[in-house]
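Encoded as structure tokens, the structure appears first; notes follow it.
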Amino acid sequence: MNNISDICVKCGKCIPSCTIYDINRDEVTNPRGFLDLIAAYKEGKLQLNKELENVFESCFLCNHCVEICPSELSIDNAIEKMRFDIVKEFGMPWYKKIILSCLKNRKWLDILAKLGYIFQSCAFHIQNKEFEKNLGMRAKFSMPFIKKGRFLSSFHKKSFLNLNPDFIDNGGNKTIGLYVGCLTNYCYTQTGFSTLKILKELNINVDLMKKQACCGVAHFFSGDFKSVEILAKKNIEYFEKKLEKLNAIIIPEATCSAMLKIDYERFFIMQNERDWANRAKKISSKIYIASQYLYQFTSLKKLLKNKKQKKYSITYHDPCHARKIQGIFKEPRELLKTNYTYIEMQDSNTCCGFGGVSMQMKHYDKALSVGEKKVKMIDQTMAHFVSAECSACRMQISNNLEQKSSKVVFAHPLELIAEVL
């Protein structure tokens, strides 16, 4: 990180593709500007302050710049490390402390989700009709960090993991571990159930791995490296033990799978903990985003070919943490094309604008602005559904679809595949 700005050739190729630059159009909030500020800080020419905090919070960490950089610079890691230094200097905002603390403790989340389920109708209008409208709820009035009319996922009485047994025997020779992620576990449970339905059809046994912890991606993006270390080490130790008997671990979430498969190793290298980096790398060879595993290692494609065609059309959004970080984009498309009419959108690889906790709560206007452009691309396809293998993208895109009164419905690819089965 000390010399990353020196390695940068200042070609500017990354700037036109930068998500925040597309909004602000300045020389500060773009990859080259971020690197120049980091260099000035490292050289002692620039002191940390709240203005600098706002600058580095404005990055969506979409990885467009990393994908296009001719020098293959890890600009995202440099920004994450900068956020860590800012947190050390100024501490964490109270709302982030609450959210990140809850994500670390699944028992707290179980209690909060149950309370949310009981009282959600007091503050939100609930929408429940699957595949007719986006599932979720609209805020009846403005609350702290939630504007009136904002569309969010509704709560469930029980989490996905609490609704299912520890192990599901589907009479197969293979057994996989299922890592669902916090959003699927508490909000988009239908994704989890669709995954189980597909695995049952394939006769693959499922270990729910109920001691799985949050992957820590929200903590990583927020500069809370202490929590990342705790969660990463807990998951690595747990996965090492589980993988002694499992064929693989699959994850129906782009952000979670990228964190577990790629960023754990990067994080421990950043922290100079080589032993843990090697352990993270070793388990990563058995971790797959769900569509990748189902396409490459099962007979799902063949099974789908024997099913009827659906009358619906689909377009696909590439989550940043699927295509740019893991190189996964062909697999979900090939599976969906088997039974649905597929329509490619104008630029499926552009960021949807989720951007993490700060962007969603402190810079919601910027997230909304990026999301509006994505909805225009989606609507131009005239598709019935837009799909993406990421619940963070789902939350962002669903909100923007509702804000623009779009008729397009968001559905996870595994939900659409399960509908065929």
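Tilt of helix 189-201 relative to the longest C-alpha principal axis of the chain, in degrees (0 to 90, nearest 10)? Result, in degrees: 50. Counting only lysines at least 8 places from LYS45 when in the same chain, those with an alpha carbon closer than 24 Å to its own are LYS10, LYS81, LYS88. The phi torsions of region 8-22, fed into the Karplus equation with coefficients 6.51, -1.76 and 1.60 and a -60° offset, translate into couplings of 4, 7, 6, 6, x, 4, 6, 5, x, 8, 6, 5, 6, 5, 4 Hz, rounded to whole numbers, with Gly and Pro shown as x.
Phi angles across region 365-382 convert, under the Karplus curve 6.51 cos²θ - 1.76 cosθ + 1.60 with θ = phi - 60°, into 3J(HN,Hα) values of 4, 5, 4, 5, 4, 5, x, 4, 5, 5, 5, 4, 5, 5, 5, 5, 6, 6 Hz, Gly and Pro given as x.
Let me check I've understood the local charge: for CYS14, count other residues with C-beta under 15 angstrom from its C-beta, Lys and Arg +1, Asp and Glu -1. What total comes out? Result for the neighbourhood of CYS14: -2.
Across the chain, the mean sequence separation of Cα contacts (distance under 8 Å, 6 or more residues apart), normalised by length, yields a relative contact order of 15 percent.
The rule of thumb for compact globular proteins, 2.2 N^0.38 Å, goes into the C-alpha radius of gyration of region 256-359 1.32 times.
With the alpha-carbon atoms of region 104-226 aligned to their principal axes, the span from lowest to highest coordinate is 52, 42, 23 Å, starting with the largest.
Solvent exposure of SER358, expressed as accessible area, is near 10 Å², computed with a probe of 1.4 Å over the protein chains only. Accessible surface of region 92-236, 1.4 Å probe: 58 percent of it comes from carbon and sulfur atoms. Each helix, a run of at least 4 DSSP H residues, gives -39500 (n - 2.57); summed and divided by the residues of the chain, these come to -15000 deg cm²/dmol at 222 nm. Label reach from LYS13 (point 7 Å along Cα→C-beta): in region 53-67, amide nitrogens under 12 Å belong to 65-67. Ligands, DNA and RNA are left out, and with a 1.4 angstrom probe the accessible area of region 255-378 is 42 Å² per residue. Report the relative contact order of region 3-49, percent, no decimals, based on alpha-carbon pairs under 8 angstrom and at least 6 residues apart. That works out to 36 percent. Computed on the Cα atoms alone, the convex hull of region 75-125 gives a volume of 116 cubic angstrom per residue.
For a test of the definition: using alpha carbon positions, the gyration tensor, and the 1.5 limit on a/c, classify the chain as rounded, prolate or oblate. Rounded shape, in that the Cα axes give a/c under 1.5. Computed log10 I(q)/I(0) for region 18-74 at 0.13, 0.19, 0.23 Å⁻¹: -0.33, -0.70, -0.97, from the Debye equation with unit scatterers placed on every C-alpha and solvent omitted. Across region 28-137, Cα-Cα distances exceeding 17 Å account for 68% of all pairs. Coupling constants for region 314-329 follow from the phi torsions by the Karplus curve (6.51 cos²θ - 1.76 cosθ + 1.60, θ = phi - 60°), and in residue order they are 9, 10, 10, 9, 7, x, 4, 7, 9, 6, 6, 9, 9, x, 9, 8 Hz; glycine and proline get x. Computed over the alpha carbons of region 158-226, Rg followed by Dmax gives 13.7, 44 Å. Computed over the Cα atoms of region 339-388, the ratio of the radius of gyration to the Kirkwood radius (Rg/Rh) comes to 1.06. Between VAL28 and ILE230, the FRET efficiency from the beta-carbon distance, with R0 = 35 Å, is close to 0.55. Angle of helix 274-284 to the longest C-alpha principal axis of the chain, folded into 0 to 90 degrees and rounded to 10: 30°.
Can you tell me the orientation of helix 391-403 relative to the chain, as the angle in degrees between its alpha-carbon axis and the longest Cα principal axis, to the nearest 10? Computed tilt is about 90 degrees. Compactness check for region 199-323: Cα Rg over 2.2 N^0.38 Å is 1.21. Our summary gives region 140-252 a relative contact order of 31 percent, counting only alpha carbon pairs under 8 angstrom and 6 or more residues apart.
The values are calculated or read from the model by the stated rules, or taken from the named source; none is laboratory data. Just so it is clear, the structure is predicted and the values come from calculations on it, not from any experiment. In this analysis, Cβ positions are derived from the backbone assuming ideal geometry, glycine residues included, and neighbour counts consider all displayed protein chains. For the accessible areas, the whole protein counts, side chains as well, though only heavy atoms, and no ligand, DNA or RNA atoms are used. Shrake-Rupley method; radii C 1.70, N 1.55, O 1.52, S 1.80 Å.
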